[in-house]
Amino acid sequence: MTLTEKTLSLFPENTIKNLRRADQLLTFLRTENQPIPEVVKQNSVPLNSVEFDVIICGGTLGILIGCALAVRGLRVGLLERGILRGREQEWNISRQELSVFLELNLLTATELETAIVTEYNPARVSFHGGTEVWVNDVLNIGVAPVYLLETLKNRFLAAGGKLFEHTPFNEAVIHPNGVIINNQFKTRLLLDAMGHFSPISKQARQGKKPDALCLVVGSCAEGFPENDSGDLLLSFTALKNQCQYFWEAFPAQDGRTTYLFTYMDAATERLSLEDLFAEYLHLLPEYQGVEINQLNFKRALFGFFPSYRQSPLQTPWDRILPVGDSSGNQSPLSFGGFGAMIRHLQRLTIGIEEALKTDQLSSSSLALLQPYQPSLSVTWLFQKAMSVGVDQKIPPEQINQLLSAVFTKMQQLGNPVLKPFLQDVVQFSALTQTLFKTGLSYPFLVAKIIPQVGLLSLIDWILHYMNLLAFTTLFSSSPMLEPLVKNLSDQQQYYWHRWVDGWKFGSGKDYQESDIQKE
């Protein structure tokens, strides 16, 4: 019996089986010529009637957008393949991001505080041989998914929403005036919230392999000597197995959560989740200063997150919009999920309501709700710099040295530069200052990165970097045109509002200076 098998026998039943089932999915995702689902079809005959404005497939995070739309008076249906219930493991987020629940009238202030079950400060960023950086109020809030989703579900039902549990998505047929789902539910618009493995997204991407993967393993356990601070991004080892290992740690309601994660391409010879879990168990005592046999494990955590350069996903069909992980609306550095959905929740709620009001439900109109965002696209170069090719040879400490240099400069530039980046937000000014200072102080270290990431990737990044400047300029100029917008038709205003949203989020300006706690 391996160490992984022996240790996982201490976890709840079927943990090792579930890990290996996830590995089977990972192996399948890494193969070429994957079968393409045909779950979306089209029919030119109009429907006689449509009972819903919106049907959402996928309830775990779909309930967030579903509840937001229902309280605004829309007819919303939500399909969930099982029971709509949150997981035991907390979702970590920053407090300022949670204000959207109050702004959209989804939770009361008391309910929001009840949903928060852990809060800690400070959090650390550290790399082997480098300087430690400490920050406050970044991903330091733990939200209880069980309570949050149950509260939102009750709010959704009270607002007139219809919940269909034990109802997995099977197919969608698009008609000129609506969509029929599972040959049963008729709606004006279908929202795909089924996550990374949505069959709709797979069909839209035509079976394409992901351009990158993030593998994550970890656990929640009791028995750690200290549990009053966290780690956001930490590395204490050199390259191993052609991977740079990164760690996260958070205080949890019933222990301490620790994660090991790494970035890589989708090559078939890469590590499996079971391999990475063995590395996690081997390195955890050194990381946290505690022996495995001293820990009381509550649950094992593992998964993988695919990333595609063609993101956010824009489907070729009318009346279908991917949201959340289905859309790939997060950077390749981020795990996506709850944080990504929260960040775009208000924008999507208002945009979807306006699309339905003005009947802008064509594929081109809906594409404006998931627009190109240079603030996300520029992070592909960072992902390349934090990973290494299967056969690529670089100095074992190169990634640690680069990241240590970058974060040292970010720390010197202060919270307005450091904190947005740690929350997956890239802004032109902060990025430019960081690159300039890092290049000036460590020119030879930066030069080593060019052959690692490749010249084509660098050229591609420069284009996104220039677009980041363009989007920043456009968003800054948009208020001057607002008086003219009032004279536009409702349909024209829909397009204007989506362009402004695209410039705002595409420049990272949704994260305002006023949100940042000054030093």
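The values are calculated or read from the model by the stated rules, or taken from the named source; none is laboratory data. All of these numbers come straight from a predicted model, not from anything done at the bench. FYI the Cβ positions are ideal-geometry reconstructions off the backbone, even for glycines, and counts take in every protein chain you see. Accessible surface is based on the protein model in full, side chains and every heavy atom, while ligands, DNA and RNA are left aside. Shrake-Rupley method; radii C 1.70, N 1.55, O 1.52, S 1.80 Å.
Think of it as helices only: each DSSP H run of n ≥ 4 in the chain is worth -39500 (n - 2.57), and spread over all residues that comes to -12000 deg cm²/dmol at 222 nm. For region 173-190, 3J(HN,Hα) computed residue by residue from phi via the Karplus equation (6.51, -1.76, 1.60; θ = phi - 60°) reads 10, 8, 10, x, 10, x, 10, 9, 10, 6, 6, 9, 9, 10, 9, 6, 9, 10 Hz, glycine and proline entered as x.
Need the full-extension length gain, VAL39 to GLN492, defined as separation in residues times 0.36 nm minus the C-alpha distance. One decimal, nm. Display every interim value, and only then the final one.
Numbers: separation 453, 0.36 × 453 = 163.08 nm, distance 3.27 nm.
My answer for the length gained is 159.8 nm.
A prolate overall shape is assigned to region 391-438, the ratio a/c of its alpha-carbon gyration tensor axes (a ≥ b ≥ c) being 1.5 or greater and a/b exceeding b/c. Under 5 Å from the amide H of THR118 lie the amide H atoms of GLY142, each residue being 5 or more positions distant or on a separate chain, with H modelled from the backbone and absent for Pro and chain starts. Between the residues MET410, GLN493, LEU440, the greatest Cα displacement towards the positive end of the dipole of region 406-519, with unit charges on the Cβ of Lys, Arg, Asp and Glu, is found for LEU440. Among rounded, prolate and oblate, which fits region 405-513 when a ≥ b ≥ c are the square roots of the eigenvalues of its C-alpha gyration tensor, a/c under 1.5 means rounded, and a/b larger than b/c means prolate? Here region 405-513 falls in the prolate category. Charge dipole (Cα centre; +1 on Lys/Arg Cβ, -1 on Asp/Glu Cβ; no other charges) of region 11-132 amounts to roughly 400 debye.
Per residue, how much space in cubic angstrom lies within the convex hull of the C-alpha atoms of the chain? Can you show the working numbers first?
On the way: hull volume 78.8 nm³, N = 519.
Convex hull of Cα atoms, per residue: 152 Å³.
Which value in nm describes the separation of the simple spin-label points at GLU482 and GLU171, placed 7 Å from the Cα toward the beta carbon? Roughly 4.9 nm, to one decimal.
Rounded to the nearest 20 debye, the dipole magnitude of region 1-77 is 120 debye, with +1 charges on Lys and Arg beta carbons, -1 on Asp and Glu beta carbons, and the Cα centre as origin. Spin-label pair ASN14-TRP134: with each label point 7 Å from Cα along the Cα-Cβ axis, the two points sit 4.4 nm from one another. Rounded to the nearest Hz, the phi-derived 3J(HN,Hα) couplings of region 227-235 under the Karplus curve 6.51 cos²θ - 1.76 cosθ + 1.60 (θ = phi - 60°) are 8, 10, 9, x, 10, 8, 7, 9, 9, where x marks glycine and proline.
Among residues other than LEU445 with Cβ under 14 Å from its Cβ, the summed charge is +2 (Lys and Arg +1, Asp and Glu -1). Take the Kirkwood radius over Cα pairs of region 120-202, plug it into Stokes-Einstein at 10 °C and 1.306 mPa s, and you get 91 µm²/s for translational diffusion.
Rounded, prolate or oblate: pick one for region 329-387, where a ≥ b ≥ c are the square roots of the eigenvalues of its C-alpha gyration tensor, a/c under 1.5 means rounded, and failing that, prolate if a/b is larger than b/c, else oblate.
On the way: a/c = 4.05, a/b = 2.11, b/c = 1.92.
Verdict is prolate for region 329-387.
Rolling a 1.4 Å probe over the heavy atoms of the protein chains gives region 78-181 an accessible area of 43 Å² per residue. Modelled spin-label separation between THR108 and ARG87, with each label point placed 7 Å from Cα along the Cα-to-Cβ direction: 3.1 nm. 3J(HN,Hα) along region 237-244, derived from phi through the Karplus expression 6.51 cos²θ - 1.76 cosθ + 1.60 where θ = phi - 60°, amounts to 10, 7, 3, 8, 6, 6, 9, 9 Hz, with x in place of Gly and Pro. Percent of Cα pairs in region 48-163 per distance bin of 10 Å, from zero to the largest separation: 13, 38, 27, 13, 7, 2, 0. Helices that extend 24 Å or more along their long axis by alpha-carbon positions and average at least 0.0 on the Kyte-Doolittle scale are, among the DSSP H runs of the chain, 338-358, 455-477. When only the Cβ of Lys, Arg, Asp and Glu is charged (+1, +1, -1, -1), the dipole of region 102-242 relative to its Cα centre reaches about 1040 debye. With a cut-off of 9 Å between beta carbons, the residues surrounding PRO251 carry a summed charge of -1, where Lys and Arg count +1 and Asp and Glu -1.
Across q = 0.12 Å⁻¹, region 211-327 modelled as identical point scatterers on its alpha-carbon atoms has Debye log10 I(q)/I(0) values of -0.52, in the order of the q list.
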